[in-house]
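Data block below; observations after.
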Amino acid sequence: MQNDTDKSGRAAQEPAFCNCLALRQAARHATQLYDRHLAAEGLKTSQYSILAKLLRLGPQSIGALADMMVMDRTTTTRAVRPLARDGLVAIAPGTDERTRMVRITAAGEKRAKAAAAAWRAAQKEFEAGYGGAEAEKLRHDLARVVAV
């Protein structure tokens, strides 16, 4: 059995036959790249995404946040807990007993704004390797996948 490697010495990836596998591999690869950049700010890509969303859109219910992040409610709750523990978001009762609202705190705003430079560096590195126009097209194509 022969192991092919790419220019960086990593195992070369054969094209996946399965759409789901191909998407998951690409997502893991991109997440690793962005996580490397965001590590200096003490955030994972998923945490930064939540903070950035709350910074842009204001307080959201867990359900609305889950829908925006294309996550289930339980996973979203688990993702928000460490942010709340670290004082980056606050969770409060919503309009009824079943609803919880999440809002970014001043500390969360500060961390998200500091992490934005690391996010931009990750974005730049991705686009340098993939191509800027191609990356824009990829984002549009992936938005179509999410809409299916």
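Inside segment 126-139, can you point out the residues that are under 23 Å from Leu43 (Cα atoms) and surrounded by 13 or more Cβ atoms within 10 Å (Cβ to Cβ)?
Phe126, Glu127
Return only the number of the condition from (1) exposed (fewer than 15 other Cβ atoms within 10 Å of the Cβ); (2) more than 16 Å from the chain's Cα centre (by Cα) that Pro82 does not satisfy.
Answer for Pro82: the failing condition is (2).
For residues that are closer than 15 Å to Lys53 by Cβ and not in a helix (DSSP H, G or I), tally how many sit in segment 67-89.
Residues flagged as closer than 15 Å to Lys53 by Cβ and not in a helix (DSSP H, G or I) within segment 67-89 amount to 4.
Name the single residue, out of those in segment 101-115 being surrounded by 16 or more Cβ atoms within 10 Å (Cβ to Cβ) and of a type in the set (A, V, I, L, M), that is farthest from Leu57 (Cα to Cα). Can you show your working first?
Within segment 101-115, the subset surrounded by 16 or more Cβ atoms within 10 Å (Cβ to Cβ) is 101-102, 104-105, 108, 111-112, 115.
Next, only the ones that are of a type in the set (A, V, I, L, M) stay: 101-102, 104, 112, 115.
Working: Met101: 13, Val102: 11, Ile104: 10, Ala112: 13, Ala115: 18 Å.
Only one residue fits best here, namely Ala115.
If you check Met101 against the conditions, is it in contact with a helix residue (DSSP H, G or I) (Cβ under 9 Å, 6 or more places away or on another chain), part of a loop (DSSP other than H, G, I, E, B) and among the hydrophobic types (A, V, I, L, M, F, W, C)? Steps first, answer last, please.
On the way: in contact with a helix residue (DSSP H, G or I) (Cβ under 9 Å, 6 or more places away or on another chain): yes; part of a loop (DSSP other than H, G, I, E, B): no; among the hydrophobic types (A, V, I, L, M, F, W, C): yes.
Against the criterion (in contact with a helix residue (DSSP H, G or I) (Cβ under 9 Å, 6 or more places away or on another chain), part of a loop (DSSP other than H, G, I, E, B) and among the hydrophobic types (A, V, I, L, M, F, W, C)), Met101 does not qualify.
When the residues of segment 85-100 are filtered to those that are of a type in the set (Val, Ile, Thr) and open to solvent by less than 100 Å² (accessible area, probe 1.4 Å), which remaining residue is modelled with the lowest pLDDT?
Residues of segment 85-100 of a type in the set (Val, Ile, Thr): 89, 91, 95, 99.
Still in the running and open to solvent by less than 100 Å² (accessible area, probe 1.4 Å): 89, 91, 99.
Working: Val89: 98, Ile91: 96, Thr99: 91.
Ranking the candidates gives Thr99 first.
Only one residue in Ala122, Ala115, Ala90 is touching a residue at least 12 places away in the same chain (Cβ under 8 Å), touching an Asp or Glu at 6+ places or on another chain (Cβ under 8 Å) and not acidic (Asp, Glu), so which one is that?
Ala115
Of the residues Gln60, Gln47, Gln123, Gln32, which single one is open to solvent by 50 Å² or more (accessible area, probe 1.4 Å) and not hydrophobic (A, V, I, L, M, F, W, C)? Please lay out each step first, then the result.
Numbers: Gln60 fails: open to solvent by 50 Å² or more (accessible area, probe 1.4 Å); Gln47 fails: open to solvent by 50 Å² or more (accessible area, probe 1.4 Å); Gln123 fails: open to solvent by 50 Å² or more (accessible area, probe 1.4 Å).
The unique qualifying residue is Gln32.
The values are calculated or read from the model by the stated rules, or taken from the named source; none is laboratory data. Model, not experiment: these values are computed from the prediction. So basically every Cβ, Gly included, is an ideal-geometry build from the backbone, and we count neighbours across all protein chains shown. Side chains included, ligands, DNA and RNA excluded: accessible areas come from the protein's heavy atoms. Shrake-Rupley method; radii C 1.70, N 1.55, O 1.52, S 1.80 Å.
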